[in-house]
Amino acid sequence: MEKKIKGSKRGLTFSFISENGTFAPGSRYRYVIDKDAGRIMILPSKDGGNTVSRKRSGLRIKSLIDLRSRDILELVSVSDHMEIEFREECILVAIYQKAESGRQAEIRYMNLMPELLMAAGNEDAAINHICGHMPQTGPWEDPVLRKQVPDVLRVISLFSGAGMLDHEFAKDPRFEIVYAAEYDHDAVSTYRQNIGSQIAECDIRTLSGQDLPKADIIIGGPPCQPFSNANRHEDSRGCLHPEGDMFAHYLRLVRESGVRAFLIENVPGLLSASMGHYMDLIKAILPDYSVSAKVITDCDLGGYTKRKRAVLIGSKGEPPVIPDVKMRPVRTAGEALSRVKPDWPNFSDVTVSSEWVRKKISMIPEGGNWHDLPEKYWTKSVHSNMYRRVDRNRPSISIANWRKFLLSPPKWTDSAEWDRILTVSEAAALQGLDKHFAFSGSLNSMQQQVANGVTAAIARFCKNILAGLFGRPAVMAD
């Protein structure tokens, strides 16, 4: 039997009656996407990162599959219609793209498990019976999907922030993020908008290993303020900082979850803080893991900034190898910023400075800072990069919260329009993001989310090391 539904810019949503309970409301599932072929498989999974919703239809309660991730939206939002065939072993959904320039519309497939067969019964009025031709390949006959399912690495993310580290894992078919946790409300909203609903808004100190789904890897970056050189107060560094216990809680959850590998991304000061206290803490709490650590630089890995980060990777197997990579020539800030166009999200999100501040910004040359101002304009600051202007021909300085030290874009023309600080989209581009990643929340919050995030190049670097630990083929181009 075959039916037809219209394409939707809201994603792929359909309801059904689950008779055997596998896809009953509240049950969990995951899906695998082959982006090149546009095929997706939804699998029941008690540890999956998605939950079946409930929909009331008269006196009955239906199960609701609601897929709205960015990958799903890219397939569905431009479609003309979707054709659903209900078979004995699966449900096939062919997504017919709108034909352009006389070309034949592209067909994409989605394969669902047998428990979804009841979707055929008394569906919404928008689904109409059709008699079109449907592809005859079952889900387990597809070599790409059959290969992906056993190979997928299940990932838990802690201290997820806006999802800038997770984003690279979410885009890679070798990985599936089954759970994420973040305390900040606006960051959680950004995560859900760009990656998915598997994130919980919570304090990880309240979590235990029993609360987490089964996974292979835990990734995350405990708050860096306890170890950051920007924190100049010795009485609030390390364990004395209000968030100084977060590192130990991260290690505790790694131990309690039993994952085979973990990733910690943080400021370089972590490796030497308190005379190596935190490295010793890893050995004490996680004696079964071999741990490698290295300080890496974003522009050495193909990024656009000079941001340095400490990377710690632990494994229950052989000690991880963190290669010494230096990509040359380095990419420049100008290359990143030239990609930002008016159609980018957050293009107009910028702090409007006072006339006095804008006057001082106008005097800063590319690559310069407040030392280039006439002495009468100098102000006291603990940071030497106050009033810094990005040099288009070099990698940018690290993107901390640029509102606080007034980082401005290159002066592309003689216009005064460049005498301002970076927009949110410009800062995101320097971090390696593109126009498909949008930030939400207040302006101050969005700026902090970008500053807190991992650059795309560092995220890809770490992701591929973890894939190698599990024998997964390398991704040649990201």
(message) If I ask for residues that are crowded, with 19+ Cβ neighbours inside 10 Å and either of a type in the set (Ser, Thr, Tyr) or at positive phi (or both), which ones from the stretch 442-465 would you list?
(response) Thr455
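Yes or no, residue by residue, for (1) closer than 22 Å to Asp184 by Cβ; (2) among the charged types (D, E, K, R); (3) at pLDDT 95 or above; (4) surrounded by fewer than 19 Cβ atoms within 10 Å (Cβ to Cβ):
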site	(1), (2), (3), (4)
Ser197	yes, no, no, yes
Ile204	yes, no, no, no
Ile219	yes, no, yes, no
Gln225	yes, no, no, yes
Asn231	yes, no, no, yes
Asp235	no, yes, no, yes
Glu256	no, yes, yes, yes
Ile264	yes, no, yes, no
(request) Scan the stretch 256-297 for residues that are among the acidic types (Asp, Glu) and either part of a loop (DSSP other than H, G, I, E, B) or out of contact with any Gly (no Cβ under 8 Å at 6 or more places or on another chain) (or both) and report the count. (result) 2
(request) Hey, can you tell me all the residues within the stretch 290-309 that are touching a Ser or Thr at 6+ places or on another chain (Cβ under 9 Å) and under 13 Å from Ile264 (Cα atoms)? (result) Val291, Ser292, Arg309
(request) Restricting attention to the stretch 322-346, report how many residues are closer than 16 Å to Ala427 by Cβ and surrounded by fewer than 16 Cβ atoms within 10 Å (Cβ to Cβ). (result) 4
(message) Please go through the stretch 343-384 and give me each residue that is within 33 Å of the chain's Cα centre (by Cα), of a type in the set (Gly, Ala, Ser) and at pLDDT below 95, ordered by number.
(response) Ser353, Gly367, Gly368, Ser384
(request) Check off (1) small (Gly, Ala, Ser); (2) touching a helix residue (DSSP H, G or I) at 6+ places or on another chain (Cβ under 9 Å); (3) surrounded by fewer than 22 Cβ atoms within 10 Å (Cβ to Cβ) for Gly468 and give me the number that stays unchecked. (result) (2)
(request) Can you give me the ranges of the helices (runs of 4 or more DSSP H) entirely in the stretch 338-456 with at least 2 residues that are more than 21 Å from Gly303 (Cα to Cα) and outside the structural domain of His185 (by TED's automatic domain parsing)? (result) 355-362, 402-405, 443-452
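The values are calculated or read from the model by the stated rules, or taken from the named source; none is laboratory data. Predicted model, so just to flag it, every value in this text is computed and none were measured. When we count neighbours, we look across all protein chains shown, and the Cβ atoms used for this are built from the backbone with ideal geometry, even at glycine.
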